[in-house]
């Protein structure tokens, strides 16, 4: 027990001191590739971004928590979605697939493209000299392994590309490493997400990407009859800058109709927000959507996805 307590204490110290050190090294700099901090899963987005300690969206696991796959009831899950981010600016088609291989191994892939608002560059005398459209690409690959019926581990890698002008762009890679535990009816998870190689601009200035250390928990409970409620809370400390806390809830009826709501407090790359979502599931088919109400910079953003699983 004493050894276990020491391990937990060391993990907590790392959770708070490593991001703090990285933030001091990067004070005053905005992180590069902020798009990589966004989880496009409409289920989690409808709960304010909370839900890393749930297993309700296996197709989107490569964007969130790969280790959650071991607690999914699906052998195969796939989903394709569209996200309208910062309305009038970014269009984002995205999707993912997960598959169970044997009794204890899961694989998942995912990816997406983000097309931003066009930028026109003018010379000093007012003549147009260049026109470009910022864009971003990410491609994910992950695997999860069930150690037993209560504990799993997961790992993932991401390829990230961001083009900010016709002659300027970044390429890098990042990784995830996390664990998922189900005990006494409570789901808990912790790990690292999107920890990547810093990028440099044309002035040789180094910028970190918004990697994070996270801890999350969820508690599903029955409301009687066919009604259930799942409550989730996530906390994250970002290596680039800032901290975030998200909490949300999902109400389900007959595991067919879903209503979600949640919020996020943040001073990190992804700002504070409030969101809500709806979902429908029938014979393996699913349709989920989420809407971001606040803040003004993201208000009106939405995402929707159509999926299938068995």
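Computed from the coordinates by the stated procedures, all read-outs in this text should not be read as laboratory data. Since we're looking at a predicted model, the values are computed, not measured. Here the Cβ is made from the backbone with ideal geometry for all residues, glycine too, and neighbour counts use every protein chain on show.
Protection proxy ranking of 81-94, 203-216, by the mean of other Cβ atoms within 10 Å over each peptide's residues and highest first, is 203-216, 81-94. Label-to-label distance for residue 293 and residue 75 is 4.2 nm, based on points extended 7 Å past Cα in the beta-carbon direction. Each residue of the stretch 206-272 gets 80 Å³ once the volume of the Cα convex hull is shared out per residue. Model label points for residue 184 and residue 89, set 7 angstrom from Cα along the Cα-to-Cβ axis, are 4.4 nm apart. Fraction of C-alpha pairs exceeding 19 angstrom in the stretch 176-310: 64 percent, rounded to a whole number.
Computed log10 I(q)/I(0) for the stretch 75-119 at 0.33 Å⁻¹: -1.09, from the Debye equation with unit scatterers placed on every C-alpha and solvent omitted.
Ranked by Cβ crowding within 10 angstrom, fewest neighbours first, how are 247, 108, 133 ordered?
133, 247, 108
Taking 37 °C and 0.692 mPa s as the conditions, I'd like the Stokes-Einstein D for the stretch 139-190 in µm²/s, using the Kirkwood hydrodynamic radius from alpha carbon pairs. Taking Rh from Cα pairs, D becomes 247 µm²/s.
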